[in-house]
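Enquirer: Structure incoming, see below.
The values are calculated or read from the model by the stated rules, or taken from the named source; none is laboratory data. Since the model is a prediction, treat every value here as computed from it, not as a measurement. Positions of Cβ are generated from backbone atoms using ideal geometry, with glycine treated the same way; all protein chains shown enter the neighbour counts. Just so you know, the surface numbers come from the protein's heavy atoms only, side chains and all, with ligands and any DNA or RNA stripped out. Shrake-Rupley method; radii C 1.70, N 1.55, O 1.52, S 1.80 Å.
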Amino acid sequence: MKILKWVIGILLVLGLLFYFVGMPFLRQQTKKHSPETTVVYQKDGYDLLVNYSSPSKKGRVIFGELVPYDKVWRTGANEPTRFETKTDLMIKGKPLPAGSYSLWTIPGKSQWTIIFNSEIPDWGATLSSGGTEATRNPETDVLQAEASVIEMSATQEHFTISFPDEHGLFLTLKWDNTKVQVPIFKKS
(Lines give C-alpha, C1' and ligand atoms only; values in the text may rest on other atoms or scores of the structure.)
Protein backbone atom coordinates (compact mmCIF):
# COMPACT_ATOMS: atom_id res chain seq x y z
CA MET A 1 0.00 0.00 0.00
CA LYS A 2 2.88 2.32 0.84
CA ILE A 3 4.47 1.69 -2.57
CA LEU A 4 1.17 2.39 -4.34
CA LYS A 5 0.86 5.78 -2.58
CA TRP A 6 4.47 6.54 -3.50
CA VAL A 7 3.85 5.68 -7.19
CA ILE A 8 0.64 7.74 -7.27
CA GLY A 9 2.49 10.68 -5.69
CA ILE A 10 5.27 10.52 -8.28
CA LEU A 11 2.75 10.29 -11.14
CA LEU A 12 0.85 13.26 -9.73
CA VAL A 13 4.04 15.35 -9.47
CA LEU A 14 5.05 14.37 -13.03
CA GLY A 15 1.57 15.25 -14.32
CA LEU A 16 1.64 18.65 -12.62
CA LEU A 17 5.16 19.28 -13.88
CA PHE A 18 4.09 18.49 -17.45
CA TYR A 19 0.99 20.68 -17.16
CA PHE A 20 2.71 23.73 -15.64
CA VAL A 21 6.15 23.48 -17.31
CA GLY A 22 5.94 21.15 -20.30
CA MET A 23 2.74 22.48 -21.88
CA PRO A 24 3.79 26.18 -21.75
CA PHE A 25 7.16 25.22 -23.27
CA LEU A 26 5.47 23.22 -26.07
CA ARG A 27 3.07 26.09 -26.80
CA GLN A 28 5.98 28.54 -27.02
CA GLN A 29 7.81 26.23 -29.42
CA THR A 30 4.81 25.72 -31.72
CA LYS A 31 4.12 29.47 -31.88
CA LYS A 32 7.57 30.00 -33.40
CA HIS A 33 6.31 28.12 -36.46
CA SER A 34 2.70 29.33 -36.37
CA PRO A 35 2.78 32.87 -34.95
CA GLU A 36 -0.22 34.24 -33.11
CA THR A 37 -2.06 36.94 -35.07
CA THR A 38 -4.84 39.32 -34.06
CA VAL A 39 -7.04 41.19 -36.54
CA VAL A 40 -9.41 43.93 -35.37
CA TYR A 41 -12.22 45.53 -37.39
CA GLN A 42 -13.85 48.65 -35.88
CA LYS A 43 -15.81 50.56 -38.45
CA ASP A 44 -19.43 51.50 -39.24
CA GLY A 45 -20.68 50.24 -35.87
CA TYR A 46 -18.86 46.89 -36.07
CA ASP A 47 -16.44 45.89 -33.32
CA LEU A 48 -14.84 42.56 -34.28
CA LEU A 49 -11.68 40.73 -33.29
CA VAL A 50 -10.19 37.45 -34.43
CA ASN A 51 -7.15 35.86 -32.77
CA TYR A 52 -5.52 32.83 -34.39
CA SER A 53 -2.21 31.07 -34.99
CA SER A 54 -1.00 31.30 -38.58
CA PRO A 55 0.74 28.17 -39.92
CA SER A 56 2.76 28.18 -43.16
CA LYS A 57 2.35 26.06 -46.27
CA LYS A 58 6.05 25.07 -46.44
CA GLY A 59 5.58 23.17 -49.71
CA ARG A 60 2.91 20.90 -48.23
CA VAL A 61 -0.45 19.96 -49.73
CA ILE A 62 -2.80 21.69 -47.31
CA PHE A 63 -6.45 20.87 -47.94
CA GLY A 64 -7.25 17.21 -48.39
CA GLU A 65 -3.95 16.13 -46.77
CA LEU A 66 -2.55 18.24 -43.90
CA VAL A 67 -6.08 19.49 -43.22
CA PRO A 68 -8.41 16.61 -44.15
CA TYR A 69 -11.66 17.22 -46.00
CA ASP A 70 -14.96 16.69 -44.20
CA LYS A 71 -13.39 16.71 -40.73
CA VAL A 72 -13.53 19.43 -38.05
CA TRP A 73 -10.45 21.67 -38.13
CA ARG A 74 -9.43 24.08 -35.37
CA THR A 75 -8.96 26.69 -38.14
CA GLY A 76 -5.31 27.58 -37.67
CA ALA A 77 -2.77 26.05 -35.35
CA ASN A 78 -2.29 25.67 -31.60
CA GLU A 79 -5.27 27.03 -29.62
CA PRO A 80 -8.63 27.31 -31.37
CA THR A 81 -9.24 30.54 -33.26
CA ARG A 82 -11.09 33.07 -31.09
CA PHE A 83 -13.74 35.30 -32.69
CA GLU A 84 -15.16 38.19 -30.66
CA THR A 85 -17.94 40.58 -31.55
CA LYS A 86 -19.34 43.43 -29.49
CA THR A 87 -22.01 43.77 -32.16
CA ASP A 88 -25.00 41.45 -32.63
CA LEU A 89 -24.47 39.95 -36.09
CA MET A 90 -26.29 38.10 -38.83
CA ILE A 91 -24.24 35.48 -40.65
CA LYS A 92 -25.90 33.85 -43.65
CA GLY A 93 -29.30 34.90 -42.26
CA LYS A 94 -28.61 33.42 -38.80
CA PRO A 95 -28.14 35.51 -35.62
CA LEU A 96 -24.82 35.55 -33.77
CA PRO A 97 -25.16 37.46 -30.49
CA ALA A 98 -22.34 39.69 -29.25
CA GLY A 99 -19.80 37.57 -27.39
CA SER A 100 -16.65 35.45 -27.62
CA TYR A 101 -16.58 32.25 -29.65
CA SER A 102 -14.18 29.62 -30.87
CA LEU A 103 -14.16 29.38 -34.65
CA TRP A 104 -14.03 25.94 -36.25
CA THR A 105 -14.41 24.82 -39.84
CA ILE A 106 -15.14 21.66 -41.77
CA PRO A 107 -13.26 22.11 -45.05
CA GLY A 108 -14.67 20.41 -48.14
CA LYS A 109 -13.54 20.39 -51.76
CA SER A 110 -16.20 22.84 -52.89
CA GLN A 111 -17.84 24.02 -49.67
CA TRP A 112 -16.89 24.63 -46.04
CA THR A 113 -18.94 24.70 -42.87
CA ILE A 114 -18.04 27.63 -40.60
CA ILE A 115 -18.83 26.97 -36.92
CA PHE A 116 -19.09 29.45 -34.04
CA ASN A 117 -18.94 27.66 -30.68
CA SER A 118 -19.55 29.15 -27.22
CA GLU A 119 -16.66 27.22 -25.59
CA ILE A 120 -13.04 28.23 -26.10
CA PRO A 121 -10.87 25.27 -25.06
CA ASP A 122 -7.20 25.62 -24.08
CA TRP A 123 -5.91 23.67 -27.05
CA GLY A 124 -7.51 23.01 -30.43
CA ALA A 125 -6.62 19.34 -30.84
CA THR A 126 -6.39 16.37 -28.52
CA LEU A 127 -2.91 15.22 -27.54
CA SER A 128 -4.01 11.58 -27.55
CA SER A 129 -4.87 11.82 -31.28
CA GLY A 130 -1.50 13.30 -32.18
CA GLY A 131 -3.26 16.52 -33.11
CA THR A 132 -5.69 15.03 -35.63
CA GLU A 133 -8.89 15.28 -33.55
CA ALA A 134 -10.40 18.68 -32.67
CA THR A 135 -11.41 19.49 -29.09
CA ARG A 136 -14.67 21.15 -30.17
CA ASN A 137 -17.82 20.20 -28.27
CA PRO A 138 -20.59 20.16 -30.93
CA GLU A 139 -23.27 20.54 -28.23
CA THR A 140 -22.11 24.12 -27.64
CA ASP A 141 -22.24 25.22 -31.30
CA VAL A 142 -24.07 28.54 -31.58
CA LEU A 143 -24.12 28.90 -35.37
CA GLN A 144 -23.10 26.97 -38.47
CA ALA A 145 -22.97 28.49 -41.94
CA GLU A 146 -21.96 27.12 -45.34
CA ALA A 147 -19.49 28.93 -47.59
CA SER A 148 -18.32 28.10 -51.10
CA VAL A 149 -14.65 27.56 -51.89
CA ILE A 150 -13.03 30.15 -54.16
CA GLU A 151 -9.92 28.86 -55.92
CA MET A 152 -7.14 31.48 -55.99
CA SER A 153 -4.56 31.67 -58.77
CA ALA A 154 -1.80 32.85 -56.40
CA THR A 155 -0.63 30.70 -53.50
CA GLN A 156 -1.15 32.08 -50.00
CA GLU A 157 1.89 30.87 -47.96
CA HIS A 158 0.51 31.74 -44.50
CA PHE A 159 -2.99 30.99 -43.25
CA THR A 160 -4.79 34.32 -42.85
CA ILE A 161 -8.11 35.55 -41.55
CA SER A 162 -9.29 39.03 -42.48
CA PHE A 163 -12.33 41.31 -42.72
CA PRO A 164 -12.33 42.79 -46.25
CA ASP A 165 -15.11 45.34 -46.77
CA GLU A 166 -14.92 46.43 -50.42
CA HIS A 167 -18.33 44.97 -51.37
CA GLY A 168 -19.86 44.46 -47.94
CA LEU A 169 -18.15 42.99 -44.88
CA PHE A 170 -16.81 39.43 -45.01
CA LEU A 171 -15.04 37.04 -42.68
CA THR A 172 -12.39 35.70 -45.07
CA LEU A 173 -10.07 32.71 -44.63
CA LYS A 174 -7.20 32.13 -47.09
CA TRP A 175 -4.49 29.51 -47.33
CA ASP A 176 -2.70 27.75 -50.16
CA ASN A 177 -4.97 28.28 -53.21
CA THR A 178 -8.20 28.33 -51.20
CA LYS A 179 -10.32 31.28 -50.11
CA VAL A 180 -13.58 31.07 -48.17
CA GLN A 181 -15.77 34.09 -47.40
CA VAL A 182 -18.81 34.51 -45.17
CA PRO A 183 -20.80 37.77 -45.34
CA ILE A 184 -21.30 39.55 -42.01
CA PHE A 185 -24.15 41.97 -41.30
CA LYS A 186 -25.18 43.91 -38.21
CA LYS A 187 -28.38 42.55 -36.72
CA SER A 188 -31.12 45.16 -37.16
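Enquirer: Would you be able to tell me the number of residues in the stretch 59-118 that are among the acidic types (Asp, Glu) and assigned to a strand (DSSP E or B)? Walk me through how you get there before you give the answer.
Expert: Filtering the stretch 59-118 for residues among the acidic types (Asp, Glu) gives 65, 70, 79, 84, 88.
Going one step further and asking which of them are assigned to a strand (DSSP E or B), we end up with 79, 84.
Residues flagged as among the acidic types (Asp, Glu) and assigned to a strand (DSSP E or B) within the stretch 59-118 amount to 2.
Enquirer: Ok, one more. In the list Pro95, Pro55, which residue meets the criterion of being over 17 Å from Pro164 (Cβ atoms), within 16 Å of the chain's Cα centre (by Cα) and touching a residue at least 24 places away in the same chain (Cβ under 8 Å)?
Expert: Values: Pro95 fails: within 16 Å of the chain's Cα centre (by Cα).
Every option except Pro55 fails the conditions.
Enquirer: For the stretch 32-41, which residues satisfy the criterion of being open to solvent by less than 60 Å² (accessible area, probe 1.4 Å) and in contact with a Leu (Cβ under 6 Å, 6 or more places away or on another chain)?
Expert: Tyr41
Enquirer: Now, a different point. Among the numbered criteria (1) modelled with pLDDT under 95; (2) touching a Leu at 6+ places or on another chain (Cβ under 7 Å); (3) open to solvent by less than 10 Å² (accessible area, probe 1.4 Å); (4) not acidic (Asp, Glu), which one does Gly76 miss?
Expert: Of everything listed in (1) modelled with pLDDT under 95; (2) touching a Leu at 6+ places or on another chain (Cβ under 7 Å); (3) open to solvent by less than 10 Å² (accessible area, probe 1.4 Å); (4) not acidic (Asp, Glu), Gly76 misses just condition (2).
Enquirer: Restricting the search to the stretch 42-72, which residues are open to solvent by 30 Å² or more (accessible area, probe 1.4 Å) and within 22 Å of Ser148 (Cα to Cα)?
Expert: Across the stretch 42-72, the qualifying residues are Lys57, Val61, Gly64, Glu65, Leu66, Pro68, Tyr69, Asp70, Lys71, Val72.
Enquirer: Among the residues of the stretch 163-188, count how many are open to solvent by less than 30 Å² (accessible area, probe 1.4 Å) and over 19 Å from the mean Cα position of the chain (by Cα).
Expert: Of the residues in that region, 1 qualify.
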